[in-house]
Amino acid sequence: MPHIILEYADDAATEGEIVRLLHDVHDALKKTDIFHEQNIKIRAVPVTQYLVGGKKEQFVHVQLRIKPGRTQRIKKKLSQEVLSVVSAGIQVIGVITVEVVDMDAESYAKKQF
């Protein structure tokens, strides 16, 4: 935990920028001391078909899926930290959004090899 899903307009960044951004987000989350480094999972999903406000406007949306129990203060800290890192790491002509979502602990399953 956590799972970070970075969706982005495929024309908003190069592959190299996205790879660097994944590392930057990972490092930022590690520095918060909220999560163990080995549990931070980040993936990027390019989106080819999209509209923002009815227009083809670039975007980045980051979702942090975490186990429940964190305070609103911690969630705000996480979202602000990720927003800062993403904003510094990519030049989007459009919008960057971040949300923190509590996962359902009862239905979450994991198998590690």
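The values are calculated or read from the model by the stated rules, or taken from the named source; none is laboratory data. Everything quoted here is computed from the prediction, not taken from an experiment. Cβ: placed from backbone, ideal geometry, glycine included. Neighbour counts: every protein chain shown.
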(message) Within the stretch 91-101, take every residue that is more than 13 Å from the chain's Cα centre (by Cα) and surrounded by 13 or more Cβ atoms within 10 Å (Cβ to Cβ) and give me the one that is modelled with the lowest pLDDT.
(response) VAL92
(message) Being modelled with pLDDT under 95 and either closer than 22 Å to TYR108 by Cβ or in a helix (DSSP H, G or I) (or both) is the filter here; which residues of the stretch 1-11 pass it?
(response) MET1, PRO2
(request) Taking the residues in the stretch 30-57 that are part of a strand (DSSP E or B), of a type outside the set (A, V, I, L, M, F, W, C) and modelled with pLDDT of 95 or more as candidates, determine which candidate is farthest from GLU15 (Cα to Cα). (result) LYS41
(request) Might you check whether a residue that is in contact with a Phe, Trp or Tyr (Cβ under 6 Å, 6 or more places away or on another chain) and buried (at least 17 other Cβ atoms within 10 Å of the Cβ) occurs anywhere in the stretch 67-85? (result) no
(request) Select from the stretch 18-29 the residues that are surrounded by 14 or more Cβ atoms within 10 Å (Cβ to Cβ) and not aliphatic (A, V, I, L, M) and write down the one among them that is farthest from the chain's Cα centre (by Cα). (result) ARG20
(message) It is to be established whether one or more residues within the stretch 12-21 are in a strand (DSSP E or B), modelled with pLDDT of 95 or more and either in contact with a Phe, Trp or Tyr (Cβ under 7 Å, 6 or more places away or on another chain) or more than 24 Å from ASP102 (Cα to Cα) (or both).
(response) no
(message) I'm told VAL100 meets every condition in (1) assigned to a loop (DSSP other than H, G, I, E, B); (2) aliphatic (A, V, I, L, M); (3) under 20 Å from LEU22 (Cβ atoms) except one. Can you identify the failing condition by its number?
(response) (1)
(request) Residue by residue through the stretch 31-44, note down the ones that are under 14 Å from the mean Cα position of the chain (by Cα) and surrounded by 14 or more Cβ atoms within 10 Å (Cβ to Cβ). (result) ILE40, ILE42, ALA44
